[in-house]
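Read the structure below first, then the notes.
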Amino acid sequence: MRSWPYLTCALIVSAVATGLSSQAPGGSAWPPPVQKVRPESPPLSPAEALKTFTMPPGYRLEVVASEPLVQDPVVMDWDADGRIWVVEMPGFVQTLDTPEPNLDPIGRVVVLEDTDNDGVMDKRTVFADGLVLARALKVLDHGVLIGEPPNLWLMRDTNGDLRADTRELVTNRYGRREGRVEENANDLHWGLDNWIHTADSDIYLRLKADKFEVRDTLVRGEWGVSHDDAGRIYRNTNEEALHVDLVPTPYYARNPNLARTRGSYEELGDDSIDIVWPIRPNPGTNRAYQTGIDRPDGTLAKFTAVCAPVIYRGDRLPTELNGNAFVAEPAANVVSRIVLAMESGTMRARKAYERGEFIASTDERFRPVYLSNAPDGTLYVVDMYRGVIQQRADVTQYLRNHIVTHGLERPTGLGRIYRVMHDTTTRDTTAVGLRTAAELVAALSHPNGWRRDTAQQLLVERRDPAAVPDLTRLAGSAPDWRTRLHALWALDGMDAIQPATIATALEDASADVRAAAVRISERWLGDPGHPIRTAVLKKMDDGDVTVRRQLAASLGVLPPDVRQEAVASLLGRGGEDPVLLDAALSGIRGLERAVLDRLTAAAETSARDAAIIMLAATIVRGGQDSAVQQVLAAIADDARPARIRGAILRGTEVALLGARAPGEPEGRRGAPPAATSLPCPKCPGGRAGPGGAYAFPRTRAIGPAADAERPDVRALRLNRAPASFLALASGGGELGTRATAVLSRVIWPGKPGAPAPVAPLSAAEQQRFNAGQEVYRNVCQACHQPDGRGQERVAAPLVNSQLALARADIPVRILLNGKEGAIGLMPPVGQVFTDEQIADVLTYIRREWGQGGSPVDAEMVKSVRAATSGRQRPWTDSELQALMGAAPAIRIP
């Protein structure tokens with residue numbers, strides 16, 4: 001048993017057993033001002049740590065578990081008996097010199113029990129150990145799903161001792177084994193739709209008749225998944241507090257040529273919800289030395305590691321919290337509260353407190369990494385309790401010095417789980433009692449969302465036909481719309497749903513119930529003549545945009561001839577709504593031209609024009625020669641109305657020049673497209689697949705100056721010159737000028753000024769390229785994305801990047817020492833990568849995605865490493881620009 005000099009294990013257990021709780025100082029002002037703290041941050045006992053917290057008046061934290069009962073916790077889940085299951089990750093940054101990723105099989109899943117019902121866990125059982133960086137779990141009636149990238153296991157306890165006896169591989173597509181520790185697949189969240197949703201992963205799955213069905217989706221989010229009462233999925237990413245799926249993201253994976261995916265991962269609120277209010281200075285962040293990262297008082301100004309969103313759906317905390325989002329920020333030692341409201345199809349979000357946070361600590365080691373609704377109706381907080389929370393590969397020299405100076409590497413092996421309480425709270429300590437079909441059905445009416453969710457999950461897993469009559473009754477007549485919604489999804493998951501039940505639900509008073517009915521009806525929409533199809537198509541005139549948006553997505557399952565007519569009709573009525581528009585376009589892959597023809601022949605409306613623009617953009621992004629030629633010819637056809645020609649041309653500008661799409665206000669963070677649609681010789685069919693999601697830079701107007709801001713726009717290759725479009729460009733005028741700008745991004749054989757062919761790689765260089773591709777997939781891809789186009793505010797685009805394609809020593813310097821700038825922070829990898837790995841990955845980057853940069857060899861890297869051995873800070877843009885203008889001081893191959 002490990003012991004620590006500051007506190008013995010016995011004392012910790014004793015402290016937990018006494019039911020310790022925190023309480024904001026009585027009568028003190030709240031939110032509190034920034035507190036003075038001592039420079040060092042020694043580990044505190046649970047009793048001491050509780051004294052460091054501040055919360056709004058009336059709220060407090062209680063210790064539910066702490067070390068040694070729980071160690072290095074990163075995720076928790078509950079079983080139907082109210083036990084806590086925890087993933088422990090002792091392999092995370094054991095020291096700053098430990099190789100990363102640390103593939104030692106030392107991870108665990110443990111079960112915590114409260115054997116005396118006092119609200120404090122007192123028994124620990126190791127369910128599974130020997131795991132390599134396991135990071136997700138979902139407790140099922142069928143066993144326990146455990147995510148251990150790249151494997152997703154179903155482990156079972158066959159003899160009732162809470163220890164895994166068997167393991168079955170569900171899929172080996174759950175993330176990457178040797179990838180970065182942080183940016184990897186995580187969470188296994190059973191949604192209201194009975195699908196198990198993930199974050200930072202391109203798969204999701206569901207249990208059907210005792211078998212798991214694994215499907216593709218788009219990569220969304222960073223760490224954690226949640227849903228609200230209507231079933232909408234929430235995730236977030238580092239610096240952006242909250243995103244929501246107004247339409248389920250997997251729909252958008254159907255069409256990799258989408259120019260954007262509005263409705264999937266919609267950003268909530270403006271930049272104000274990303275402002276954070278710690279109560280202690282935060283010098284221990286990667287870029288705290290940069291101006292603007294911290295305030296003058298030393299506190300972090302904006303989220304930098306926000307994660308683990310949860311929508312509070314319990315029943316024992318004040319009603320003001322119901323439906324609110326809570327997010328964890330381990331870098332700032334806070335948990336933030338965000339108030340949500342749906343108004344006319346738009347989700348509004350605001351921080352709950354003007355200058356305060358729901359939970360804030362002066363303890364630098366308070367690292368909230370996961371939040372959970374609970375059977376007792378409250379909210380739980382998982383605290384990894386670590387000095388180091390940044391993966392080693394991303395640690396700048398500045399942060400390394402801070403960690404070493406303040407002794408933050410040790411100890412590890414700690415951890416706490418807290419429960420949020422209020423002065424008015426009485427915990428629900430009644431037994432969960434989900435044994436019989438009748439008990440499960442009754443629980444769908446429980447005010448606690450955790451109990452409703454768990455009951456639905458068990459109903460779907462057990463498929464007891466005895467529950468069907470009561471579920472059918474609830475779906476049609478339960479007083480609470482939430483109960484009706486759960487009953488519908490339970491019947492669907494059990495494959496016991498009937499058309500009559502859906503027909504009733506399509507007329508429900510709740511728009512969320514009607515939208516669910518539309519989605520569930522997809523099982524019959526492909527059946528010619530089925531009466532449900534007619535009932536569903538009538539929802540085009542539904543008074544709520546939530547229903548119409550779901551209909552737009554669901555139309556994609558109709559037969560092609562019916563689908564193109566239905567989509568054209570819907571877009572003609574509501575295509576000005578960008579969410580509805582993109583959801584509809586996701587389901588017509590290969591039919592875009594037919595729908596475009598229908599809309600161009602329809603009466604003029606703003607909705608029609610917006611749809612024409614995005615249809616044209618989707619066709620051009622597809623890159624199919626004949627289809628693109630037809631689009632360009634239509635623009636040049638002076639027999640067509642000018643308004644139609646202008647709309648189609650605007651679509652080509654969206655696809656090729658990054659023009660602002662209809663419905664996108666200036667300055668909005670653009671919604672990501674489904675995938676790159678440009679030629680990809682290594683992809684099936686020559687195109688990148690739907691996993692290649694990336695985020696556009698901020699939308700903007702077009703023009704030469706604007707083009708310089710868009711290094712990710714790419715040339716489109718055609719098999720022949722677009723003759724009529726060339727004639728339009730040469731004719732001058734507004735359309736001619738715009739056509740000329742478009743042609744600057746189009747290449748065809750014999751085009752004057754087309755770039756010369758790139759010299760092929762030698763056999764040795766090709767081997768380097770291949771090795772670099774693996775390095776990129778495992779380490780770089782999570783931030784820079786599979787298509788090299790990066791992520792706004794996180795990672796710069798590598799496609800057409802001036803720095804990536806510069807003289808070879810320039811990108812070598814960036815990898816060795818890192819780079820700071822307006823877009824994220826490129827961490828130094830010189831301590832992690834060998835000279836050969838740096839040469840390999842740069843050779844890959846400089847020759848992938850149609851780029852023609854020279855390959856890089858290990859000798860070059862070795863020379864630059866020697867020349868920069870004394871440098872401790874990342875490079876700046878100005879320094880690199882100066883180096884690019886100077887003669888190289890080292891050998892260039």
Inset, instruction - Can you send over the carbon and sulfur percentage of the accessible area for the stretch 236-354, probe radius 1.4 Å, protein chains only? - result: 48
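Quick check: at a probe of 1.4 Å, how many percent of the accessible area of the stretch 506-555 sits on carbon and sulfur atoms?
Values: 850 of 1830 Å².
Roughly 47 percent, rounded to a whole number.
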Inset, instruction - Using only alpha carbon pairs under 8 Å that are at least six residues apart, calculate the relative contact order of the stretch 417-544 and give it in whole percent. - result: 16
Inset, instruction - Can you work out the accessible area per residue across the chain, with the rest of the protein chains kept in place, probe 1.4 Å, in square angstrom? - result: 36
Inset, instruction - Using a 1.4 Å probe over the heavy atoms of the protein chains, calculate the carbon and sulfur portion of the accessible area of the stretch 742-893 as a whole percent. - result: 54
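Strictly over 28 Å apart at the Cα level, which of Lys751/Lys819; Lys51/Lys123; Lys51/Lys138; Lys302/Lys819; Lys51/Lys351 would you flag in this model? Show your work: numbers first, answer last.
Working: Lys751/Lys819 38 Å; Lys51/Lys123 26 Å; Lys51/Lys138 33 Å; Lys302/Lys819 20 Å; Lys51/Lys351 25 Å.
From Lys751/Lys819; Lys51/Lys123; Lys51/Lys138; Lys302/Lys819; Lys51/Lys351, over 28 Å: Lys751/Lys819; Lys51/Lys138.
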Inset, instruction - Report Ile532's accessible area, 1.4 Å probe, all protein chains in place, as a number in Å² to the nearest 10. - result: 10
Legend entry - With DNA, RNA and ligands ignored, accessible area of His227 (1.4 Å probe; Å², nearest 10): 10
Legend entry - Stretch gain in nm, segment Arg177-Glu354, where the contour uses 0.36 nm per residue and the Cα spacing is subtracted: 59.5 nm
Legend entry - Residue-level accessible surface for Thr429, protein heavy atoms, 1.4 Å, Å²: 100
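Relative contact order for the chain using alpha-carbon pairs under 8 Å, separation at least 6, rounded to a whole percent?
10
Quick check on the chain: helices-only [θ] at 222 nm, where DSSP H runs of length 4 and up contribute -39,500 (n - 2.57) each and the sum goes over total residues. Nearest 500, please. Before the final figure, lay out each step's value.
Values: 27 runs with 264 residues, N = 893.
Value at 222 nm, helices only: -8500 deg cm²/dmol.
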Inset, instruction - State the extension gain, in nm to one decimal, for the chain segment bounded by Arg643 and Ser724, taking 0.36 nm per residue of separation less the distance between their alpha-carbons. - result: 27.3 nm
Legend entry - Student exercise, the chain dipole from Lys, Arg, Asp, Glu Cβ charges, in Debye to nearest 20: 2040
Inset, instruction - Quick one: grab the alpha carbon gyration tensor of the stretch 506-578, order the square roots of its eigenvalues as a ≥ b ≥ c, and give me rounded if a/c is under 1.5, else prolate or oblate depending on whether a/b is larger than b/c. - result: oblate
Legend entry - Pairwise centroid distance, computed over Cα atoms, of the stretch 610-655 with the stretch 275-338, Å: 45
Legend entry - Whole-number Å³ per residue for the convex hull built on Cα positions in the chain: 165
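With the contact rule set at Cα under 8 Å and sequence spacing of 6 or more, what percent relative contact order holds for the stretch 90-150? Before the final figure, lay out the partial values.
Working: 93 pairs, mean separation 16.8, N = 61.
Averaging sequence separation for qualifying contacts and normalising by length gives 28 percent for the stretch 90-150.
Which order do the peptides 298-304, 230-236 come out in when sorted by mean C-beta neighbours inside 10 angstrom, highest first?
On the way: 298-304: 19.7, 230-236: 24.9.
The most tightly packed comes first, giving 230-236, 298-304.
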Legend entry - Cβ charges +1 (Lys, Arg) and -1 (Asp, Glu), total dipole of the stretch 66-203, debye: 440
Legend entry - Scattering profile of the stretch 542-676 at q = 0.20 Å⁻¹ [log10 I(q)/I(0), Debye over alpha-carbon scatterers]: -1.23
Legend entry - Solvent-accessible ranking of Ser724, Ser41, largest area first, probe 1.4 Å: Ser724, Ser41
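Sorted by accessible area (1.4 Å probe), largest first, how do Thr546, Thr834 line up?
Values: Thr546 35, Thr834 65 Å².
Sorted by accessible area, descending: Thr834, Thr546.
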Inset, instruction - Label the stretch 756-893 by shape, choosing from rounded, prolate and oblate, from the square roots a ≥ b ≥ c of the eigenvalues of the Cα gyration tensor; if a/c is under 1.5 it is rounded, and otherwise prolate applies when a/b is larger than b/c, oblate when it is not. - result: rounded
Inset, instruction - Working with all protein chains in place, sort Trp195, Trp153 by solvent-accessible area computed with a 1.4 Å probe, largest first. - result: Trp153, Trp195
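Report the extension gain between Ala509 and Thr166 in nm, rounded to one decimal, defined as 0.36 nm multiplied by the number of residues separating them, less their alpha carbon distance. Write down the numbers at each step before the final one.
Working: separation 343, 0.36 × 343 = 123.48 nm, distance 4.69 nm.
Additional length available on full extension: 118.8 nm.
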Inset, instruction - Pick out, from Ala822, Thr171, Gln397, the residue whose Cα sits farthest towards the positive end of the charge dipole of the chain, with +1 on the Cβ of Lys and Arg and -1 on the Cβ of Asp and Glu. - result: Ala822
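The values are calculated or read from the model by the stated rules, or taken from the named source; none is laboratory data. Note that this is a predicted model, so its numbers are computed, not measured. Heads up, the Cβs are rebuilt from the backbone with ideal geometry, glycines too, and the neighbour counts pull from every protein chain shown. Ligands, DNA and RNA are excluded from the accessible area calculation, which covers all protein heavy atoms including side chains. Shrake-Rupley method; radii C 1.70, N 1.55, O 1.52, S 1.80 Å.
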